[in-house]
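The values are calculated or read from the model by the stated rules, or taken from the named source; none is laboratory data. Everything numeric in this text was worked out from a predicted model, so none of it was measured. Methodologically, a virtual Cβ is constructed for each residue, glycine included, from the backbone with ideal geometry; neighbour enumeration extends over all protein chains shown.
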Amino acid sequence: MSLGALVFLVSLTNLDATVSGAVDSARTELISAEVVASLAENKINVTWGSLSKGNQLEVSINGDQSFYVNETGLLAQVAAIPGENRIEVTEVKPIADTESIKNSETFQTRLLILGSSNQSFGGGGVAYGAESLPSATRLRYQTFIRAKYVEVDSSSNCIPWLTWGTRHAFGGDNRDFNPDSSQYRTRFDVRIDWLAGGSQVALTSVGQSKTYEWNDTLAGSDKWQQTGEKTQSTAGMGLTSISETPSLVHFKMDHNISDPFCLWVNPVSYNLDVYISRSGTYTITGNRNRVPDHEVYIRTDVKPTWTVIYQRETYSYNCLWPGYFDLACTSSPNLQSISF
């Protein structure tokens, strides 16, 4: 099922939050609110205008989160850290109950960077220095199932030979958020080579899907016995390059992957419109299916540690079944914390 939800494109003028050397102010526009961040006397102020009714705004300053709903807001005099300060803002637009598209959300995420990686606080002024630019940047989007098993009942169309009275389950990844885990349902990396003019390469993979049946004769408490395994094709994961330059790239990521055991099921889906600058600013706009867990990260060869962009837990696996109706599948998402 194609989500087809609204995608809000981003103006290139919103990507000027980071320049070589020190930055003491940045301004950007989200779905409905304009956000302004400033750095003065080792303090950070973040202000934003009113949000559209029902929209939610999430603000993260160096890993500290605050949440606001449909309010004009101000975060004042937040202590800055020596060097680079990262302010991430995300506005989420809930999908209205009257819309035919279920189980999705529309959001905009932007990263503003104040200060400099070579900045130091001290008496008599602040010293600023130019920041080393990376030669490569990598964006990683993963979907995964945090549980070890997800039990399904006999009404499921995913395992045709299910019968009443027999317990069956799909295998999960048995983990929490983790950018480097080898366990995932899907992984979609986009590698940007700045030295090659911003060329983009997609690296996609799908984890193995497994089915299990409950067997009381097995020893121990875990009595799930594997009964099958399949691996879905990566054909549903596509990268569309819009523009390539040595300093700024623009591309789209489309992801529609269904469980290989299912005859008729809504896919795990997301559709993103992405801008990334070499100097360290990203803008992501898009929508996603709220099943299963989603996580997005970014890093460079200069800063090889993954920066968290987006982490969201699953809502309900019932929302994958065509014809299933639950208003909560289309309600505003449960925003989780973002940490750096």
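Annotation: of all residues in region 144-168 being modelled with pLDDT under 90 and in a strand (DSSP E or B), the one that is surrounded by the most Cβ atoms within 10 Å (Cβ to Cβ) is 168.
Checking each residue in region 280-303 for being farther than 19 Å from residue 138 by Cβ and among the basic types (Lys, Arg) picks out 288, 290. Restricting 87, 113 to residues that are at pLDDT 80 or above and touching a Leu at 6+ places or on another chain (Cβ under 9 Å) narrows the list to 87. Taking strands (runs of 3 or more DSSP E) as the structural unit, those lying wholly within region 21-63 and holding at least 2 residues that are of a type in the set (A, V, I, L, M) and surrounded by 18 or more Cβ atoms within 10 Å (Cβ to Cβ) correspond to 34-40, 43-48, 56-61. Looking across region 260-303, the residues that are of a type in the set (D, E, K, R), surrounded by fewer than 22 Cβ atoms within 10 Å (Cβ to Cβ) and touching a strand residue (DSSP E or B) at 6+ places or on another chain (Cβ under 6 Å) come down to 273, 299, 301.
Looking only at residues in region 204-241 that are under 22 Å from residue 140 (Cβ atoms) and surrounded by fewer than 13 Cβ atoms within 10 Å (Cβ to Cβ), which one is farthest from the chain's Cα centre (by Cα)? Residue satisfying both the conditions and the ranking: 231. So, residue 42, is that one in contact with a strand residue (DSSP E or B) (Cβ under 8 Å, 6 or more places away or on another chain) and at positive phi or not? Taking the combined requirement at face value, the residue satisfies it.
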